[in-house]
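Heads up, the thing below is written out as structure tokens.
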Amino acid sequence: MASVAISSALAFVMLLVVGVYIVAGNLANGVGGGAKALAKGAVPAAYSDLVQKWGNLCPAISPALLAAQLYQESGFNPKAQSHAAAQGIAQFIPGTWASHGIDGDKDGDRDVWDPKDAIPSAASYDCQLASYVKKVGGNLTENMLAAYNAGAYAVIKYRGVPPYSETRNYVKRITTLSESFAAPVGRVDPSEQAAGAIEYAQKKLGTPYLWGGTGTAEQGGRFDCSGLTQAAYETVGIKLPRVANDQYNAGPHPQRDELLPGDLVFFSDDPTNSRAIRHVGIYVGGGYMIDAPRTGAVIRFDPIDTPDYFGATRVTEDGAKALPTTV
């Protein structure tokens, strides 16, 4: 039965790949947006309730936006510390914490290293910035993010996002990244680059697995799971992060019954935490993916409907560009 299923998957791969482009044209206006709920497991379970609660503190933010900021700042690491002395999961510098840190858990202290204080403080700080620029007009969330990056005075002076490339890039990066933390409320647009990524992966079928492999000549053209997906999308102009759990944030997350060829599919022993993802493959249709499974195996077709299936990501160029490089 397994061989029949795999043969069927092979027979339909090219038809499904072509279908990516057909669907892309038909669903150009099908993206859902503005979701308040977080995508499944996108935020580690230890912090998801905090992000969901405080992400609704004011209209300028959402749980997904707050999650994107925390991921950008620290990768959800409560012990993170930068060379600029930024501290904790929200990366407050001491002066800003002294002015804007709050006692989120009401235990009598304000601890920058405690996510129960730092996450509420990040949301509170966002909302304070939003209040400073609320009369500017235009998109309040974008103006708030611009104030976070360049200061409220610059936003007020320019009557919106100031013409600083760093600030404009920051606003786009966070708003784009927030889409990978939001549970979609409508159908997610297909990727036009998906067919090229699949074509590349197909050419690697039968190649032996190599832990840490990225396909270099020195490695004999061998890959591990995320090395294969990274290389496949790089051939179509999309630069993905090196590891699977960061690749999960390269776009929005279609449901299992909405998967299209080219979607990345992820696997984990912890269904509550995308940071625990340990495997990734490229979906080809028919319930199968191309993946580099493990040492001693070769790149091959494997079924995706296993107990450790975590979820999927529809890779977008903007989504990949928005990912932080230091997480």
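Which one is right for this structure if semi-axes √(5λ) of the Cα gyration tensor in Å is calculated from it: [x] 33, 25, 17; [y] 38, 21, 18; [z] 85, 21, 20? Label of the calculated value: [y]. Cβ distances below 4.7 Å define possible disulfide partners, and in the chain the cysteines left without one are Cys225.
Computed over the chain with a Gaussian network model linking Cα atoms closer than 10 Å, the most mobile of Val43, Val185, Val280 is Val185. As a length-normalised measure over Cα pairs under 8 Å and 6 or more apart, the relative contact order of segment 192-322 settles at 30 percent.
Hey, can you find the accessible area per residue of segment 192-322 for me, probe 1.4 Å, expressed in square angstrom?
Counting only protein heavy atoms, the per-residue value for segment 192-322 is 38 Å².
Around Leu264, what is the net charge, scoring Lys/Arg as +1 and Asp/Glu as -1 over all other residues with Cβ under 12 Å from its Cβ? Taking every other residue near Leu264 into account, the sum is -2. In whole percent, and with a 1.4 Å probe on the protein chains, what portion of the accessible area of the chain is carbon and sulfur? The value for the chain is 54 percent carbon and sulfur by accessible area. Here the sum of -39500 (n - 2.57) over DSSP H runs of 4 or more residues, divided by the residues of the chain, equals -12500 deg cm²/dmol at 222 nm, to the nearest 500. Stretching the chain fully between Asp318 and Ala85 yields a gain of 80.9 nm (0.36 nm per residue, less the alpha carbon separation). Projected label points at Arg242 and Glu192, each 7 Å from Cα along the beta carbon direction, are separated by 3.2 nanometres. From most to least packed by mean Cβ count within 10 Å, the peptides 130-142, 296-308, 223-235 give 223-235, 130-142, 296-308.
Modelled label positions at Ala297 and Glu166, each set 7 Å beyond Cα in the direction of Cβ, lie 4.5 nm from each other.
With respect to the cross-link table entries Lys106/Lys134; Lys79/Lys172; Lys157/Lys239; Lys53/Lys79; Lys106/Lys172, which display a Cα-Cα separation exceeding 31 Å? Provide the component values of the computation, followed by the final result.
On the way: Lys106/Lys134 29 Å; Lys79/Lys172 27 Å; Lys157/Lys239 36 Å; Lys53/Lys79 22 Å; Lys106/Lys172 34 Å.
Beyond 31 Å between Cα atoms: Lys157/Lys239; Lys106/Lys172.
On full extension, the segment bounded by Ala217 and Thr325 gains 36.4 nm, given 0.36 nm per residue less the C-alpha separation.
In percent, rounded to a whole number, the relative contact order of the chain is 20, using alpha-carbon pairs under 8 Å and six or more apart. For Asp103 and Asp270, the FRET efficiency from 1/(1 + (r/R0)^6), where r spans their Cβ atoms and R0 equals 25 Å, is about 0.25.
The values are calculated or read from the model by the stated rules, or taken from the named source; none is laboratory data. Quick caveat, the model's predicted, so the values are computed rather than measured. A quick note on method: Cβ atoms are made from the backbone with ideal geometry, for glycine too, and the neighbour counts reach across all protein chains shown. These accessible areas exclude ligands, DNA and RNA; they are computed on the full protein's heavy atoms, side chains included. Shrake-Rupley method; radii C 1.70, N 1.55, O 1.52, S 1.80 Å.
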